[in-house]
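A short write-up of the structure that comes next.
What follows is calculated from the coordinates using simple rules that are stated; it is not laboratory data. Not measured: the values here are computed from a predicted model. As a convention, Cβ positions derive from the backbone with ideal geometry for all residues, glycine included, and neighbour counts pool all protein chains shown.
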Amino acid sequence: MKKFKILYIGACMLLCAVPFAAMSVHPTTATTENRRLSEFPSFTKKEGGLNLNFFSQFEKYFGEHFAFRNELVAADGMIQGKLFGVSSVKNVIHGSDGWLYYTSTLPDYLGENAMSERELAALRHNLSLVNDWLKERNTAFVFTVPANKNTLYGSHMPYYAAKKVSEDHTLYHIGQICAQAGITYADLYEAFHAQTEVLYLKRDSHWNNKGAVLACDTILDAAGHAHESFAHAPAVRKKEEDGDLNRMVYSYYGEKEVNYYYDIPQRYTYVTDTASVEDGWIETACEGQSGSLLMFRDSFGNTLLPLVADSFGHAWFTKESPYRLEKTVTEQMPSLVIFEKVERNLRDFITAPPILSAPQFQENIPVEEGTPDSSASVKIEENMFDPNFWQLSGTIDPKRVQTDTEIVIAIDGMYYKTYDIGSNGFMAYLRKDQYPDSAMSWEILLKENGVLKRIARCDDGGMQQ
């Protein structure tokens, strides 16, 4: 019995040592995660002396590089998925019939993340400021929102979530608020919902290539831009797609799925030194095409880019967030701007709105003293994404805010519209060439019943009511 215990302990120790010992012949050098693996730590610091963090850094290095890491991750994913029907990765939900979903979409699916009426009004208001600014420059604007996969195809969500599924989604209201603000909206939800065929991938968070064709047609049709449709172009079905969720759970060893592959000649060329459609900034040119495009996009734009780029003489694609709208439009002068943002990230427009000079409030209405708001606050700082701007942000008493409350600021006597931030916040970007010094006097005003009511002010650094 004692010998058996010794052999058992020895076998366990040997098994545990294999991933370390095998690093010399089969180390893990790549990961499906979108990040760079850590390097072997140095025993000394660059400035001299011992590296006291060596062991913690080595622990991280070993955890990323030990032998057979990807194989073990895949095996764990398969055991938990096939035997227990759950995901081994917290970022992925394991559904039925091999379907995988992105965990960050669950709050939208359950209705826990629905925007309030005030937030919907804030989204409408913020987008209208963008729309008005572009209209003044004769630049067309299209807003579009790819649906979360489980908003369109939620029947394969696990039972514990399906029982609590919400019948309402923020996405359902976007068309209405865009119509109210006079914004051109390419309704991808309706376009996909009208199809009998599933056009998202089972093991990826995005649409398939056929879905990308539908999305491209929907967006460019909404923009009124003449383009070639590839809806009826020849395509072959191949089981070669390795979805992003598939790689998260099963590393490089998950089951591939079927996707459509179109035989479409690429007419556009890259102006930038582009490694892939994943790049953050891409510029393209297409001889013989008219119009120019600036597209702010996320990962759904990866499969859109080749289709869209073929339809414009010049195009720029960026994944930056927040959008440096004024800087980029002023530099590139596009004829069309597209905002493409997935459903789960719609709040970005009311937490980090596009960087755009605050428009002047030009309504000729009286200004009166309102009931002071002792809780009002303002912070002025350099914008970390574009140093040419000051970022002025603040909050007021939530009780003072109704659904359509408009917050106005006065800076050194000039009145400006602000972005609505959250439920009771506001933000404005001010150009430094107009306000070289951050020590500026300000007032907060509310537009109520055709009158501006002053509720707080600060002169010479001191808050006054």
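Below is a table of values for the structure above.
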{"quantity": "Principal axes of the range 187-329: Cα extent on each, largest first, Å", "calculated": "42, 31, 28"}
{"quantity": "Net charge, Trp390 excluded, C-beta distance under 14 Å - Lys, Arg +1, Asp, Glu -1", "calculated": "-4"}
{"quantity": "Peptides 265-271, 383-389 ordered by average Cβ neighbours within 10 Å, highest first", "calculated": "383-389, 265-271"}
{"quantity": "The range 367-464, Rg to Rh (Cα coordinates; Rh as Kirkwood inverse mean 1/r)", "calculated": "0.95"}
{"quantity": "The range 96-350 - percent relative contact order, Cα under 8 Å, separation 6 or more", "calculated": "23"}
{"quantity": "Hz values of 3J(HN,Hα) by residue in the range 102-109 - Karplus curve (6.51, -1.76, 1.60), Gly and Pro given as x", "calculated": "7, 4, 5, 8, 4, x, 5, 5"}
{"quantity": "For the range 335-351, 3J(HN,Hα) per residue [Karplus equation, 6.51 cos²θ - 1.76 cosθ + 1.60, θ = phi - 60°, Hz, x = Gly/Pro]", "calculated": "8, 9, 10, 10, 9, 10, 9, 5, 3, 5, 10, 4, 5, 3, 6, 10, 10"}
{"quantity": "Cα Rg, Dmax (largest Cα-Cα span) when computed across the range 96-350, Å", "calculated": "18.2, 54"}
{"quantity": "Cβ-placed point charges (K, R +1; D, E -1), dipole of the range 367-464 about Cα centre in debye, nearest 20", "calculated": "180"}
{"quantity": "Among Val308, Ser321, Ser335 - extreme Cα towards positive end, dipole of the range 295-365, charges at beta-carbon", "calculated": "Ser321"}
{"quantity": "In Hz, Karplus ³J(HN,Hα) per residue of the range 432-448 (6.51, -1.76, 1.60; θ = phi - 60°; x = Gly, Pro)", "calculated": "5, 6, 8, 10, x, 10, 6, 7, 10, 7, 9, 9, 10, 10, 10, 7, 9"}
